[in-house]
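Everything on this sheet refers to the single structure shown next.
The values are calculated or read from the model by the stated rules, or taken from the named source; none is laboratory data. In this text, all values refer to a predicted model and were calculated from it rather than measured experimentally. No Cβ is skipped: glycine too gets one built from the backbone with ideal geometry, and neighbour counts run over all protein chains shown. Calculation scope for accessible area: heavy atoms of the full protein, side chains included, ligands and nucleic acids excluded. Shrake-Rupley method; radii C 1.70, N 1.55, O 1.52, S 1.80 Å.
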Amino acid sequence: MRRRIVPVVALVLVCVLTACGGSGSGKKKRSRDSRPAAGSSAKKVVTPSTDRDDEAPVDPTPSPTTTPRRKVRALTCGDLRDAQVGSSTVRYQGYPDHLPLHEGRWSGEDGATVLLQEPCAIGDLDGDGAADAVGAVMLETGGTGRFWSLVVWRNVGGEPRYVTVTDLGDRTPVQSIRITDRKATVIYLTRSADAAMAELDIRRTAVHRLSGTRFAEVSHTDAAA
């Protein structure tokens, strides 16, 4: 009886081992077969690279901006009281050099006196963004004459620098000056051609524009004074 049982048990063990080995072999075969064979027609998916050589590198440095125009202090009418009138190149009333005002006055050895008058205007005349100045000055020579002029001072670093002068004539008092749109509008009294020197029968409104060292009149209108 014992001799028959042993062969039967051995046969059962062989069958079990054979079944397990077969199953394991099958798994391994399926695992190998799941991979695509070499030379198969399966398409390879390629992820595009973001590091393309034909793309310009990004510069982390910000682009330069336009430097804003440096602001300077606007001139005031009070600044003109100690400014200069005339120069060796653009003379005032024939004087060969500049005349330094002191508290709005200059006195010469010839007895002449230059006086800064009240009408004055502040504004940009040359388009550089700085407020320039136009003032009225009067020359007294000791006689009856009172010679009025318009003087332009350019704003240079917040200080008045003489540019030019425009003569208005004898006894032609300036009443007002206004600067708008780079032009100066000046109102002053004058006379008609047949009037006496002491007679002021015209109220003139003249527009002047600065061009280099010229402060020329570009237009005017007259009304009865």
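Could you please give the count of residues in the stretch 208-225 that are part of a strand (DSSP E or B) and either loosely packed, with under 15 Cβ neighbours inside 10 Å or free of Cβ contacts under 8 Å to residues at least 24 places away in the same chain (or both)? Steps first, answer last, please.
The first filter runs over the stretch 208-225 and keeps only residues part of a strand (DSSP E or B), leaving 208-211, 214-224.
Narrowing further to those that are either loosely packed, with under 15 Cβ neighbours inside 10 Å or free of Cβ contacts under 8 Å to residues at least 24 places away in the same chain (or both): 211, 214, 216, 218-224.
The qualifying residues number 10.
Would you be able to say whether some residue in the stretch 50-59 is among the basic types (Lys, Arg) and modelled with pLDDT of 95 or more? Outline the logic, then answer.
Of the residues in the stretch 50-59, the ones among the basic types (Lys, Arg) are 52.
Next, only the ones that are modelled with pLDDT of 95 or more stay: none.
No, because not a single residue in the stretch 50-59 is among the basic types (Lys, Arg) and modelled with pLDDT of 95 or more.
Could you please give the count of residues in the stretch 130-185 that are open to solvent by 50 Å² or more (accessible area, probe 1.4 Å) and under 22 Å from the mean Cα position of the chain (by Cα)?
Total satisfying the criteria: 7.
Can you pull out the residues in the stretch 101-129 that are hydrophobic (A, V, I, L, M, F, W, C) and either over 35 Å from the mean Cα position of the chain (by Cα) or under 13 Å from residue 173 (Cβ atoms) (or both)? Before you say what the answer is, go through the steps one by one.
In the first step, residues of the stretch 101-129 are kept if they are hydrophobic (A, V, I, L, M, F, W, C); the result is 101, 106, 112, 114-116, 120-122, 125.
Across the stretch 101-129, the qualifying residues are 106, 112, 114, 115.
I'm trying to understand the selection: among the residues of the stretch 133-163, which are out of contact with any Asp or Glu (no Cβ under 9 Å at 6 or more places or on another chain) and closer than 19 Å to residue 219 by Cβ?
134 - this is the single residue of the stretch 133-163 that is out of contact with any Asp or Glu (no Cβ under 9 Å at 6 or more places or on another chain) and closer than 19 Å to residue 219 by Cβ.
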